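Notes follow once the structure below has been shown.
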Amino acid sequence: MELEALQSALPDIQHFGANLVAITPELEKYGRSVHRRLNLGFDVLTDRGLQVASQFALVFVLPDYLKTLYLSFGTKLDEFNGEDAFRLPMPARYIVDQHRVIRSADVSPDYTIRPEPSETLRALQELAAAPGKPASH
Amino acid sequence: MTLQQKLDDFKAKFESGAPPFNTPKASIELMHRATSELRQSGLAERALKSGGHAPAFTLNNQDGNAISSVELLAKGPLVITFFRGHW
């Protein structure tokens, strides 16, 4: 749902001269299927072994009871992610400026809560207006 | 409808116990427990924040092509969204 909402906002994101990428721990074939199904105009990148998510300090290990529950739903993270560790990134949205400084960070321990694309557009607008100054939040 | 409204609608349906999901109450309680534990762990507060330095990365895209954050940032700001998967 978030990817679809970001797809709708993609022209506005690009209007600010920005690019958008989505990062998932899933193997490429699953990234490809999401990309096709949602007809995305931005790249879905495979973060094998959650290396990049680890660098952003987003990774958690599923407790055993949740692992069992997910498997009962058919959510086979070991197959999807190509590792046995049952790890996931917390959902997060970042804006990085051209000096590699993070200008906006939204990390949620609750995967059912996500920021609106309009908030991201507002932060991009602030960045375009004041490229040298950190955003207000 | 905002993204959060859509997410809230889906969550309400998923947790209602009604078709098509028919999610058992015990499963919902386990998911709530997991979210609550993750929240209490404070992990989200330790993630990279605004003002920090973003790590550079090169990852394969859906077509198997290597995509470099450094190359993208040469063109403009970069929005990065981390998501769990296709499921």
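The values are calculated or read from the model by the stated rules, or taken from the named source; none is laboratory data. Small disclaimer: the values here were computed from a predicted structure and weren't measured. For neighbour counting, all protein chains shown are included, and Cβ atoms are generated from backbone atoms with ideal geometry for every residue, glycine included. Side chains included, ligands, DNA and RNA excluded: accessible areas come from the protein's heavy atoms. Shrake-Rupley method; radii C 1.70, N 1.55, O 1.52, S 1.80 Å.
Can you tell me which of (1) open to solvent by less than 40 Å² (accessible area, probe 1.4 Å); (2) touching a residue at least 40 places away in the same chain (Cβ under 8 Å); (3) more than 8 Å from chain B (Cβ to nearest Cβ) is the one A:VAL59 doesn't meet?
With respect to (1) open to solvent by less than 40 Å² (accessible area, probe 1.4 Å); (2) touching a residue at least 40 places away in the same chain (Cβ under 8 Å); (3) more than 8 Å from chain B (Cβ to nearest Cβ), A:VAL59 is out only on (2).
Going through the range A:79-107 one residue at a time, which ones are in a loop (DSSP other than H, G, I, E, B) and over 11 Å from the mean Cα position of the chain (by Cα)?
A:GLY82, A:GLU83, A:ASP84, A:ALA85, A:PHE86, A:ASP97, A:GLN98, A:HIS99, A:ARG100
Restrict the check to the range A:16-27 and report whether at least one residue is of a type outside the set (Phe, Trp, Tyr), facing another protein chain (nearest Cβ under 9 Å) and in a helix (DSSP H, G or I). Let's see the steps before the verdict.
Of the range A:16-27, the ones of a type outside the set (Phe, Trp, Tyr) are A:17-27.
With the extra rule that they be facing another protein chain (nearest Cβ under 9 Å), the set shrinks to A:17-26.
From what is left, the residues that are in a helix (DSSP H, G or I) are none.
The answer is no, given that none of the residues of the range A:16-27 is of a type outside the set (Phe, Trp, Tyr), facing another protein chain (nearest Cβ under 9 Å) and in a helix (DSSP H, G or I).
Are there any strands (runs of 3 or more DSSP E) wholly within chain B with 1 or more residues that are in contact with a Pro (Cβ under 6 Å, 6 or more places away or on another chain) and more than 9 Å from chain A (Cβ to nearest Cβ), and if so which? Lay out the reasoning, then the answer.
On the way: elements: B:58-60, B:66-68, B:78-82.
So the answer is none; nothing clears 1.
Collect the residues in the range A:70-106 that are more than 23 Å from A:VAL34 (Cα to Cα) and not acidic (Asp, Glu), keeping them in residue-number order. Quick ask: steps written out before the conclusion?
Within the range A:70-106, the first condition is being more than 23 Å from A:VAL34 (Cα to Cα), and the residues that meet it are A:96-105.
Within the range A:70-106, A:VAL96, A:GLN98, A:HIS99, A:ARG100, A:VAL101, A:ILE102, A:ARG103, A:SER104, A:ALA105 meet the criteria.
Which one is farthest from the other protein chains (Cβ to nearest Cβ) among residues in the range A:69-123 that are touching a residue at least 12 places away in the same chain (Cβ under 8 Å) and among the basic types (Lys, Arg)?
A:ARG87
Can you work out which of the residues in the range A:57-78 that are among the aliphatic types (A, V, I, L, M) and part of a helix (DSSP H, G or I) is nearest to the chain's Cα centre (by Cα)?
A:LEU77
Show the residue pairs meeting these rules: Cβ distance below 7 Å; 6+ apart or different chains; first residue within the range B:8-24 and open to solvent by less than 70 Å² (accessible area, probe 1.4 Å); second residue outside any loop (DSSP other than H, G, I, E, B).
B:GLU15/B:ILE28; B:GLY17/B:LYS25; B:THR23/B:PHE14
Please work out which residue is farthest from the chain's Cα centre (by Cα), limiting yourself to the range A:37-56 and to residues that are at the interface with another protein chain (Cβ under 9 Å from one of its Cβ atoms) and open to solvent by 30 Å² or more (accessible area, probe 1.4 Å).
It comes out as A:ARG37.
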